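Below: one structure, written as structure tokens.
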Amino acid sequence: MSIVNATLYPLSDPDRRAAIVDRAAGQLGEDGAAAFPDFIAPAALAEMVAEAAAKFPLAYRRDQRLGFNPQGPIADMADEELRSRTSPYSMWILGSDLLDPAGALRRFYESEELMSLVRDALDIDSLHTIADPLININLTYMGVGDQQGWHFDDNDFVVSLLLQEAETGGAFEYAPGVDDAPPEDIHAILDGASPRTRLQKVGAGTLLLFRGRRALHRVTEVAGGTQRIIALLSYHREPGFIYADSVKQNGLGRTEVLAAQ
Ligand SMILES: O=C(O)CCC(=O)C(=O)O
Ligand SMILES: [Fe+2]
């Protein structure tokens with residue numbers, strides 16, 4: 001079964017693939033984000049959603065207030081008040097070890113079709129799957145009242161695939177290229193009152209490439225009965241990458257692999 005929606009994304013046709021890559025590279029250059037709507041074939045998306053729903057009871061509840069910039073570009077900024085600002089992070093996260101090793105999500109994550117597209121769109125020479133058994137594909141579930149506050153990522157880029165849209169809220173909002181912005185601009189973004197922010201339209205089945213180290217971004221509060229479910233796909237430029245235990249403890253509440261369920 002084909003995972004990518006080959007009608008919209010004919011990646012085996014070199015000319016059409018080149019046009020898809022060019023468009024994404026252009027979007028990334030302009031504002032650090034490239035969206036591929038309806039990237040997944042409907043049957044494969046249904047399989048991914050079914051797996052996500054089945055594994056939800058195993059997800060770890062995270063409910064914290066966090067700073068927006070743990071080690072990022074503004075960490076040494078003089079504005080003490082700005083550095084101490086925090087926002088809510090509330091969601092459930094599923095560790096990668098709990099996913100089916102032969103499921104559609106894992107096959108997609110490891111596919112050369114996806115990895116070469118990511119490599120070419122981001123214009124990087126090498127890209128490897130993450131060797132860490134807990135953090136490589138992670139599912140995030142957000143229900144009523146959940147949100148992910150403004151932050152910069154530690155990673156250069158992230159690849160995400162929205163599996164299920166919230167009825168209301170759960171929007172992806174970002175302010176690109178603000179890693180060297182003056183403090184008053186950052187305050188305005190955190191206050192929700194900046195012209196530098198924009199909303200990225202993301203529907204179920206949208207693949208998003210995002211440069212999150214230079215862009216402040218957040219997921220707005222979810223309302224309504226339908227959970228927002230997203231798969232975050234992590235890669236690294238070198239093979240064999242393993243995350244620090246502190247990252248795993250913070251995100252998943254554990255550092256050890258759980259026995260097969
Ligand atoms: O859920 C999303 O769309 C974004 C997630 C995100 O920003 C992150 O995990 O760092
Ligand atoms: Fe992020």
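Worth pointing out:
- Between the residues Phe157, Val257, Val202, the greatest Cα displacement towards the positive end of the dipole of the chain, with unit charges on the Cβ of Lys, Arg, Asp and Glu, is found for Val257.
- Per residue accessible area in Å² of the chain, where ligands, DNA and RNA are left out and the probe is 1.4 Å: 45 Å²
- Over the chain: helical MRE at 222 nm, DSSP H runs n ≥ 4 each giving -39500 (n - 2.57), nearest 500: -8000 deg cm²/dmol
- Remark: spin-label model distance Ala6-Glu112 equals 1.5 nm, labels positioned 7 Å along the Cα→Cβ axis.
- Pairwise FRET efficiency - Arg23 versus Ser87, Cβ, R0 = 45 Å, nearest 0.05: 0.85
- Extended-chain gain in nm, criterion 0.36 nm per residue less alpha-carbon gap, Lys201 and Ala43: 54.7 nm
- FRET efficiency estimate (nearest 0.05) - Cβ-Cβ, Asp15 to Val257, R0 51 angstrom: 0.70
- Two-decimal Rg/Rh across the chain, once Rg and the Kirkwood Rh are taken from alpha-carbon atoms: 0.95
- Of all accessible heavy-atom area on the chain, the percent that carbon and sulfur account for (1.4 Å): 51 percent
- The GluC sites (Glu not before Pro) of segment 61-170 that DSSP puts in a loop, and whose beta carbon has at most 16 other beta carbons within 10 Å, are Glu167.
The values are calculated or read from the model by the stated rules, or taken from the named source; none is laboratory data. Quick caveat: nothing in here was measured; it's all calculated off a predicted structure. Cβ coordinates were reconstructed from backbone atoms using ideal geometry, including for glycine residues, and neighbour counts include every protein chain displayed. Quick note on the areas: whole protein, heavy atoms, side chains included, nothing else; ligands and nucleic acids left out. Shrake-Rupley method; radii C 1.70, N 1.55, O 1.52, S 1.80 Å.
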